[in-house]
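Following: one structure in structure tokens, then a few remarks.
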Number of protein chains: 2
Amino acid sequence: MSASAVLNRSRTTAHFSAETRERILAAAAELRYRPNLAARSLAKRRIQTIGVAAVMEGGGLNHYFLEIFSGIMAAAARHDQSTTVFALHAWKEDPASLYDLCDGRIDGLVLLAPTFGRRGTRPPPAHTPFVSVHANHLSPGIVNIESDEEAGAFALVNHLIALGHRRIMHLTGPAGLTGAERRIHGYKRALAEARLPFERHWLVTGGYTSELGREAMRTWLRQFQGRPLPQAVFCANDASALGCIEALAEVGLRVPGDVSVAGFDDTLAARSVVPQLTSVRQPLHEMGTCAVDRLLALINHPVVASDAVLESVVFPVTLALRASVDAPPGSDRLAPASQSDDAADCVAHT
Amino acid sequence: MSASAVLNRSRTTAHFSAETRERILAAAAELRYRPNLAARSLAKRRIQTIGVAAVMEGGGLNHYFLEIFSGIMAAAARHDQSTTVFALHAWKEDPASLYDLCDGRIDGLVLLAPTFGRRGTRPPPAHTPFVSVHANHLSPGIVNIESDEEAGAFALVNHLIALGHRRIMHLTGPAGLTGAERRIHGYKRALAEARLPFERHWLVTGGYTSELGREAMRTWLRQFQGRPLPQAVFCANDASALGCIEALAEVGLRVPGDVSVAGFDDTLAARSVVPQLTSVRQPLHEMGTCAVDRLLALINHPVVASDAVLESVVFPVTLALRASVDAPPGSDRLAPASQSDDAADCVAHT
DNA sequence: CTGAAAGCGCTTACAG
DNA sequence: CTGAAAGCGCTTACAG
């Protein structure tokens, strides 16, 4: 009975007599009627589900994804959408490798930190739009949600300088990744603007895991044994900062007593260490939410994406100041703390 | 054309001439044909998707869920199933509150640490079976995956005793939860078997978050100021152990120098602290995998669940020994370390 | 061996 | 205002 339109409170509801409506509602209630999702989506071409694709290295998940996920799921739930997650083994060269997922099981897809090749390719199908978060670079037809990592790195290093640090190491992310490069750039710019020299041996290639951070720091300590230690280490993310702290602890160096250490992302991990980590806060939860909002806008109002259009939305970052960073031992502050606040919004977190 | 059966390599494939098969395959390839998932699942009554329901307090996710999730997703992917997650606000009184999800959007559901009321209820629909992990108690028709938490707590406290600790505090989980009670039970049993007295003030009600752990420890330190400190604290999970360490640090107590601290679960958090946390390892990843395997078995071979059948599978736990636990300061070991190994499998993790 | 038919459970025009 | 009809894109018996 087509009168079941009543159940969907469609615009036609008004056209039904109150009596028929009652009758239908009553029957539905009695039968404990539940519309079948598969049938409905076959007819409506909407399955009320968004996908999330990510590669989870080592079978594990990490804090970064976790926080974006929670933003995505919260937003999806708010819009009555289910979230299905696809754990990829690796990113292929081309976004088109994911078009197989556009077979009606999802209405749209958000890509978490994809690293496709740089060659342009055709945009995703209009009926299943894509949105990315922290894409390594822009792809046609895929709006990218990112944050101003360069400014974050700049603000953090600026803060270290203002506290009096001069020998500032940067433990980088994976070579070649856009995010890692932006951090390096911000680091160098902060040094330059403070008229401090950039010295190559303070730039140490690390990675985004605690293992890589630990290894990099260990290696450096071995290699530069006897040479001056860094007063502060700015790490590419929170995980590598934890690894760095471990490596320092192994040789008896305490944080922040001997060396200050800062991270990036301000994930749960930053608050799970003792001392808690100073970090550059990216609004990961909000970025996840934003991704879903944009995606749903595209789902509800499909646009024919031109190959030429590259679009991104950039979130600001803030500093989360905590105990892992202090003035260098025995030094006078070269500037009042407040002076570190001018480069970006600065928030002391608890 | 019904010949599309070829595409599914159904048992009937053999009945088709090689030529027709070629022709069909060629056409499909040329058209870049993708079967529509919604249509297929409408016809097959299988949507190749399993659901995961969990309540994520405070909009956040935690390490515990994270590890189980990764096990679930890995197993689901292995079976070519998608995973859709449902973030609940809270567990209702009755599992039946989730039967709304059985509308064709998932083939089965795994519940993460559900806390339903104790009244029995009708089992889930046979076409959409449920499986739980760490359910607060068994429900009819829902097989529960759990672990031997009592033995884990016992083994850990036993280990502390063997190292020479006598004033052993237990920072508990949330009052009333089965898992928390099992830990308490294991703690008490270890004391009893070592003929050590159980003293009420060493049992401190905490919770499963670092905030609750920190608060509980802070409060205790204030309340029992001047009284003997614990030599070791056994915390209900890793998060509360981190909170405990923070509270100790606030009053200048170092781990493990002044106080040994141990956690439970052995999540990523346990390896993200300096010093790394001794913890009771639950095989969360494997438990997630097991949940999916059981669920798929039920999906593929539906059974009419009797209200009377309560079923569970119990995983063993092990100890992960790390730096946060040491012998009490200035004490001789009362027993060789190896003696702590007899109560459960003991593994030194790196 | 092959293809026409019916049906999965919904929605959406479209006649009455 | 209401209900019969066609169609969403697949699968599964079932005739030829």
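The values are calculated or read from the model by the stated rules, or taken from the named source; none is laboratory data. All values reported here derive from a predicted model rather than from experimental measurement. Backbone-built Cβ (ideal geometry, glycine too); neighbour counts: all protein chains shown.
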Which residues, taken from region B:97-131, are more than 16 Å from DNA strand C (Cβ to nearest atom) and more than 20 Å from A:SER82 (Cβ to Cβ)? B:ALA113, B:THR115, B:PHE116, B:GLY117, B:ARG118, B:ARG119, B:GLY120, B:THR121, B:ARG122, B:PRO123
Exception for A:VAL273 within (1) away from every other protein chain (no Cβ under 14 Å); (2) part of a loop (DSSP other than H, G, I, E, B) falls at (1)
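Taking the options B:ALA297, B:ALA291, name whichever one is more than 14 Å from every other protein chain (Cβ to nearest Cβ), without any contact (Cβ under 8 Å) to a residue 40 or more places away in the chain and either in a helix (DSSP H, G or I) or over 30 Å from A:ALA241 (Cα atoms) (or both).
On the way: B:ALA291 fails: without any contact (Cβ under 8 Å) to a residue 40 or more places away in the chain.
From the options B:ALA297, B:ALA291, the qualifying one is B:ALA297.
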Between a first residue in region B:27-45 that is more than 7 Å from chain A (Cβ to nearest Cβ) and a second residue that is within 10 Å of DNA strand D (Cβ to nearest atom), which pairs have beta carbons less than 7 Å apart while being 6 or more apart in sequence or on different chains? B:ALA28/B:LEU7
Of all the residues that make up region B:309-327, how many are within 16 Å of B:PRO275 (Cβ to Cβ) and either assigned to a loop (DSSP other than H, G, I, E, B) or in contact with an Asp or Glu (Cβ under 6 Å, 6 or more places away or on another chain) (or both)? 7
So how many residues does region B:111-136 have that are under 15 Å from B:GLY288 (Cβ atoms) and within 14 Å of chain A (Cβ to nearest Cβ)? 1
Return the total of residues in region A:245-266 being acidic (Asp, Glu), in a loop (DSSP other than H, G, I, E, B) and within 12 Å of chain B (Cβ to nearest Cβ). 0
All positions within region A:175-191 that are free of Cβ contacts under 8 Å to residues at least 40 places away in the same chain and out of contact with any helix residue (DSSP H, G or I) (no Cβ under 6 Å at 6 or more places or on another chain): A:ALA175, A:GLY176, A:GLU181, A:ILE184, A:LYS188, A:LEU191
Matching entry among A:SER331, A:SER338, A:SER306 (being part of a helix (DSSP H, G or I) and modelled with pLDDT under 95): A:SER338
List the number of the failed condition for B:LEU160; all other conditions in (1) touching a residue at least 60 places away in the same chain (Cβ under 8 Å); (2) in contact with an Asp or Glu (Cβ under 9 Å, 6 or more places away or on another chain) hold. (2)
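Quick grid of which residues meet (1) free of Cβ contacts under 8 Å to residues at least 60 places away in the same chain; (2) under 22 Å from the mean Cα position of the chain (by Cα):
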{"site": "A:LEU101", "(1), (2)": "yes, no"}
{"site": "A:GLY104", "(1), (2)": "no, no"}
{"site": "A:VAL110", "(1), (2)": "no, yes"}
{"site": "A:PRO114", "(1), (2)": "no, yes"}
{"site": "A:ARG119", "(1), (2)": "yes, no"}
{"site": "A:PRO125", "(1), (2)": "yes, no"}
{"site": "A:PRO129", "(1), (2)": "no, yes"}
{"site": "A:LEU138", "(1), (2)": "no, yes"}
Select, from B:GLY120, B:GLY104, B:GLY141, the only residue that is assigned by TED's automatic domain parsing to the domain that holds B:ARG294 and surrounded by 24 or more Cβ atoms within 10 Å (Cβ to Cβ). B:GLY141
Could you tell me which of the residues A:ARG183, A:ARG166, A:ARG189 is farther than 26 Å from A:GLY120 by Cβ, of a type in the set (D, E, K, R) and outside any helix (DSSP H, G or I)? A:ARG166
Selection over region B:37-54 where residues are away from DNA strand C (no atom under 11 Å from the Cβ), closer than 14 Å to A:ASP103 by Cα and surrounded by fewer than 19 Cβ atoms within 10 Å (Cβ to Cβ) yields a count of 1
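Just need a number here: residues in region B:15-36 that are of a type in the set (Phe, Trp, Tyr) and within 10 Å of DNA strand D (Cβ to nearest atom).
Of the residues in that region, 1 qualify.
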Kindly indicate whether any position in region A:76-93 is at the interface with chain B (Cβ under 10 Å from one of its Cβ atoms), more than 16 Å from DNA strand C (Cβ to nearest atom) and more than 25 Å from B:ASN36 (Cα to Cα). no
Is it the case that some residue within region A:26-33 is at pLDDT 80 or above, within 13 Å of DNA strand C (Cβ to nearest atom), at positive phi and surrounded by 11 or more Cβ atoms within 10 Å (Cβ to Cβ)? no
Yes or no: region A:230-244 includes at least one residue that is of a type in the set (S, T, N, Q), part of a loop (DSSP other than H, G, I, E, B) and assigned by TED's automatic domain parsing to the domain that holds A:GLU211. yes
Residues in region B:209-219: is at least one within 14 Å of chain A (Cβ to nearest Cβ), touching a residue at least 24 places away in the same chain (Cβ under 8 Å) and not in a helix (DSSP H, G or I)? yes
